[in-house]
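Take a look at the structure set out below.
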Amino acid sequence: MMRYEFNMYRTSDKFLDIKFLFVEIAPSDWRAYILTDINYQRISQERSDSITVIHRLTEYDESIRTKIFTFIRNNNIPYCKQTIHYICWSSVVKNLESMREVAKTWSEITSYYIQHGGSFETIQPRLKARGIVTL
C-alpha cells in the first residue's frame with residue numbers, strides 16, 4: 001500500500017512556495033511529486049525549463065499516476081495538469097524524513113537557479129557551504 005504526505009516548502013529566501021506530494025511508491029522508496037507550476041523564466045528568459053536541467057522526471061507509470069491523481073482528488077488538493085513530475089535524485093530515498101530533506105534541497109537550488117542561473121551541480125555545493133542545505 002502506498003503512503004502519502006502532502007507538504008509545502010517555502011524557500012529560505014521566501015522566493016518560492018512549492019507544494020509536494022511525497023509518495024512511498026514501494027517499501028523504502030519515496031518520491032516527491034511537484035504540484036506547483038514553477039515559472040523558471042520569471043527573472044530571465046534565459047533559464048531553461050528542460051527537465052534534465054531542472055532535475056525533474058515525468059511519471060509515466062499509469063498505475064502510479066492513477067493512485068496519485070485519485071489521492072489528489074479525494075483530498076481536494078488543487079492540481080489540474082495531466083502530467084505529473086517528480087524530483088530527479090541520484091539515489092533511492094528510503095524514508096519520509098530523507099524525502100523532506102531532498103525536497104528542501106531541490107527547492108532551494110531551484111529558487112537560486114531561477115534568480116541567478118547556474119547549474120544544479122554548481123549551486124548545490126554553494127548552498128551547502130552557506131548552510132542553507134545539508135545534502
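Just wondering, is there one or more residues in region 78-97 that are basic (Lys, Arg) and surrounded by 15 or more Cβ atoms within 10 Å (Cβ to Cβ)?
No, region 78-97 has no match at all.
Before we move on, is residue 44 part of a loop (DSSP other than H, G, I, E, B) and loosely packed, with under 11 Cβ neighbours inside 10 Å?
no
Can you run down the residue pairs with Cβ atoms below 7 Å, 6 or more apart or on separate chains, where the first is in region 48-59 and more than 11 Å from residue 113 (Cα to Cα) and the partner is of a type outside the set (Ser, Thr, Tyr) and part of a loop (DSSP other than H, G, I, E, B)?
55/88; 56/88; 57/51; 57/88; 58/51; 59/84
With respect to the numbered conditions (1) out of contact with any Phe, Trp or Tyr (no Cβ under 9 Å at 6 or more places or on another chain); (2) within 18 Å of residue 123 (Cβ to Cβ), which one is the sole condition not fulfilled by residue 55?
Failing condition for residue 55: (1).
Under the condition of being out of contact with any helix residue (DSSP H, G or I) (no Cβ under 9 Å at 6 or more places or on another chain) and modelled with pLDDT of 95 or more, which residue from region 76-88 is nearest to residue 105 (Cα to Cα)?
86
Select from region 1-35 the residues that are closer than 16 Å to residue 113 by Cα and in a loop (DSSP other than H, G, I, E, B) and list them in ascending order.
Result: 11, 12, 13, 14, 15, 16.
The values are calculated or read from the model by the stated rules, or taken from the named source; none is laboratory data. Just so we're clear, the structure is a prediction, and the values are computed from it rather than from any experiment. Note that each Cβ is placed from the backbone with ideal geometry, even for glycine, and that neighbours are counted across all protein chains shown.
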